[in-house]
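Have a look at the structure below before the remarks.
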Amino acid sequence: DPTQQAGIANINQSYGMAQPYFQQAAQYGQQGAAPVANVSGADIQNYYNPYQQMVIDSTMANINEADQRQQQMVKGNAAMSGALGGDRQAVAQAELARQQGLARNQTLAGLQSQGYGQAFEAARSQQANQQTNAARAAQAAGIYGNLGAGAQQAQLQGAGAQLGAGQVAQQNEQARLNALYGQFQQQQAFPYQQLGWLAGITAPIGSQMGSTQTA
């Protein structure tokens, strides 16, 4: 039946229908299964502000200039008090240099810590994005796998329905052909049935007619 032939064709077409979906699901599955590395020093270095060193150099230059002015002020005060070149001047300059060094180191540490913190947060945000993408890829793998299996199953169900509908039509056609064949057989047997019926009519008459002999 043509409907059955269409159903068989759809079954053949369904072969391999899910394969592209499964391949895409496998790719997403590999992405989702890939381990996400922890934040490393190299990752943090990649997210450093390229202008961070310029900021540090500029800040330290301003601090050095201010330190030099403070040292000149110490010398000027020593000169005004008549202690220029004396031990008091040396002690005052040494103490000032110590305090300046502490302030300079504290400022430098703050700038470097700020740059490191910003780079670390950027690297950690990237890691979180990778984890989110991996979870989405794993979810997409399941979706594509289900889509492939569902599409193939729907195709096979439709083809099965076509085969069933075609079988009904085939059975009806076969019943019609059987009826025609039965009529053909009756037509072929009718002459013989008619002869038998006629023979049945003449048989009683012929048995009562007697017989003659001729020499």
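Over all alpha-carbon pairs of the stretch 50-177, lay out the pair-distance distribution in 10 Å bins, whole %, shortest bin first.
Answer for the stretch 50-177: a P(r) of 10, 16, 13, 11, 9, 8, 7, 6, 6, 5, 4, 3, 2, 1 percent.
Round to the nearest 0.05 the FRET efficiency obtained for residue 180 and residue 15 when R0 = 41 Å and r is the Cβ-Cβ distance.
For R0 = 41 Å, the calculated efficiency reads 0.60.
Ignoring any ligand, DNA or RNA, what whole percent of the accessible area of the stretch 101-160 comes from carbon and sulfur when the probe is 1.4 angstrom?
51 percent
Mind checking the per residue accessible area of the chain for me, 1.4 Å probe, whole number of Å²?
Numbers: 15660 Å² over 215 residues.
Per-residue value: 73 Å².
How high is the relative contact order of the chain, in percent, with contacts defined as C-alpha pairs under 8 Å that are six or more residues apart?
Reported as a whole number, the value is 48 percent.
If the elastic network links every pair of Cα atoms under 10 Å, which of 163, 102, 111 fluctuates the most in the Gaussian network model of the chain?
Most flexible of the set in this elastic network: 102.
Hey, what's the per residue convex hull volume over the C-alpha atoms of the chain, in cubic angstrom? Please report the intermediate quantities before stating the final value.
Values: hull volume 35.8 nm³, N = 215.
It is 167 Å³ per residue.
Name the helices (complete DSSP H segments) of the chain with a Cα length along the long axis of 15 Å or more and a Kyte-Doolittle mean of at least -1.0, or state none.
2-14, 52-80, 87-206
When Lys and Arg each count +1 and Asp and Glu each count -1, what net charge do the other residues less than 14 Å away from residue 65, Cβ to Cβ, add up to?
The answer is 0.
Under unit Cβ charges (Lys, Arg +1; Asp, Glu -1), what dipole magnitude, rounded to 20 debye, does the chain have relative to its Cα centre? Please list the in-between numbers first.
On the way: 8 positive and 9 negative charges, 41 e Å.
Using Cβ point charges on Lys, Arg, Asp and Glu, the chain gives about 200 debye.
Taking every alpha carbon pair in the stretch 115-194, what does the distance histogram look like in 10 angstrom bins from 0, in percent?
Going out from 0 Å in 10 Å bins, the stretch 115-194 shows 14, 15, 13, 12, 11, 9, 8, 6, 5, 4, 2, 1 percent.
Write down the radius of gyration of the stretch 94-155 and its Dmax, each obtained from C-alpha positions, in Å.
Rg then Dmax for the stretch 94-155, in Å: 26.7, 90.
The values are calculated or read from the model by the stated rules, or taken from the named source; none is laboratory data. All figures in this text were calculated on a predicted structure; none of them were measured in a lab. In this analysis, Cβ positions are derived from the backbone assuming ideal geometry, glycine residues included, and neighbour counts consider all displayed protein chains. Heavy atoms of the whole protein, side chains included, go into the accessibility calculation; ligands, DNA and RNA do not. Shrake-Rupley method; radii C 1.70, N 1.55, O 1.52, S 1.80 Å.
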